[in-house]
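Novice: Before I ask anything, let me first share the structure, which is written out below as structure tokens.
Values in this text are rule-based calculations from the coordinates and carry no lab data. None of the values given here were measured: they were computed from a predicted structure.
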Amino acid sequence: MTREEMHKLLTEAVMAWREATRHADELDDAICALLRGCPDPECATCAQIVCHYGNPLHFRYDGCPSCVAESKTHHAPETIQ
Ligand SMILES: [Zn+2]
Ligand SMILES: [Zn+2]
């Protein structure tokens, strides 16, 4: 399988998974298996597919900037403007 084909399969798997489990944070086994098929562990294409925010830095060693910002806002008190 080429990397391009793998990314296509990953896109389809992630779309189906989002349809089925909208609020799940954990990726399912099928998606993890596809991710392991990509030779680059910090692949920007895989990151964009998997990240809720489409951020190509999702697999960065210190965490995804978009997902981290989101989890921070969840814990911060609400600011009323
Ligand atoms: Zn990839
Ligand atoms: Zn992310």
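Novice: Starting from 0.36 nm per residue, how many nanometres of slack lie between Ser66 and Thr21 once their C-alpha separation is accounted for?
Specialist: My answer for the length gained is 14.2 nm.
Novice: Among rounded, prolate and oblate, which fits segment 3-75 when a ≥ b ≥ c are the square roots of the eigenvalues of its C-alpha gyration tensor, a/c under 1.5 means rounded, and a/b larger than b/c means prolate?
Specialist: Oblate, because a/c is 1.5 or more while a/b does not exceed b/c.
Novice: Continuing with the same structure: Relative contact order for segment 3-75: what percent, with Cα pairs under 8 Å and sequence separation of 6 or more?
Specialist: Taking the mean separation of contacting Cα pairs over the length of segment 3-75, I get 23 percent.
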